[in-house]
Amino acid sequence: MSEACMVSIIVRSRNEEKWISSCLSGIFRQAFRDFEVILVDNCSTDRTVEKARSFPIADIMTIEEFLPGKALNLGIRCAKGRYIVCLSGHCIPKNDKWLGSFLPNFDEDAVAGVYGRQEPMAFTNELDKRDLVNLFGLDRKVQVKDPFFHNANS
């Protein structure tokens, strides 16, 4: 994508103390640098928010009645970016090209949204590993009539 474009990354969390530092570290090491991060936390009772505060986050919001769409909409309302990226607090960007890999897809007029793979961890149970491999695979897909959209990494 040739033109400058700010991206707002909305991170949803609830008791993600184990993952939030890895998630945010992955975000802040991106090669594409024109972004802000907004954390929408669902009343975590662990140290999720405390750990998140050690990163240069634009805003930390709390939502009590958590619904995934409601949490995203809350974050989006205060977002300043031209593009919105949704990321769950337990999802860790794989490399420093994660964020930049979303944007070139929008050079195609017919593209309304993009989501990335969710890869299992070494300790993910075998059934979940199978489901993630079957759902995402390795090939790029263009969905036209499929209602599925993965908003944990989109």
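Here are the numbers:
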item: Gyration tensor (alpha-carbon) shape descriptor, the stretch 1-42, a/c threshold 1.5; result: oblate
item: In Å², nearest 10: area of Leu74 left accessible to a 1.4 Å probe; result: 40 Å²
item: Charge dipole (debye, nearest 20) of the stretch 50-96; +1 at Cβ of Lys and Arg, -1 at Cβ of Asp and Glu; result: 200 debye
item: Per-residue ³J(HN,Hα) for the stretch 31-48, Karplus 6.51 cos²θ - 1.76 cosθ + 1.60, θ = phi - 60°, Hz, x for Gly and Pro; result: 5, 6, 10, 8, 8, 10, 10, 10, 9, 10, 9, 9, 6, 4, 9, 9, 9, 4
item: Heavy atoms of Glu64: accessible area, 1.4 Å probe, square angstrom to 10; result: 150 Å²
item: Cα gyration tensor shape of the stretch 1-77, rounded if a/c is under 1.5, else prolate or oblate by comparing a/b with b/c; result: oblate
item: Extension gain from Asp109 to Asp46, taking 0.36 nm per residue of separation minus the Cα-Cα distance; result: 18.4 nm
item: Amide H contacts under 5 Å for Ile9, placed H, 5+ residues apart; result: Glu36, Val37, Ile38, Val85
item: Of the trypsin sites (Lys or Arg not before Pro) in the stretch 1-106, those whose Cβ has at most 15 other Cβ within 10 Å and which sit in DSSP loop; result: Lys18, Arg29, Arg33, Arg47, Arg53, Lys80, Arg82, Lys94, Lys97
item: Computed magnitude of the charge dipole of the stretch 1-79 (debye, nearest 20; Cβ of K, R +1, Cβ of D, E -1); result: 160 debye
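The values are calculated or read from the model by the stated rules, or taken from the named source; none is laboratory data. From a predicted model like this one, the values you see are computed outputs, not experimental measurements. Here Cβ is always computed from backbone atoms with ideal geometry, including for glycine, and neighbour counts include all displayed protein chains. We work out accessible area using only protein heavy atoms, side chains counted, and drop any ligands, DNA or RNA first. Shrake-Rupley method; radii C 1.70, N 1.55, O 1.52, S 1.80 Å.
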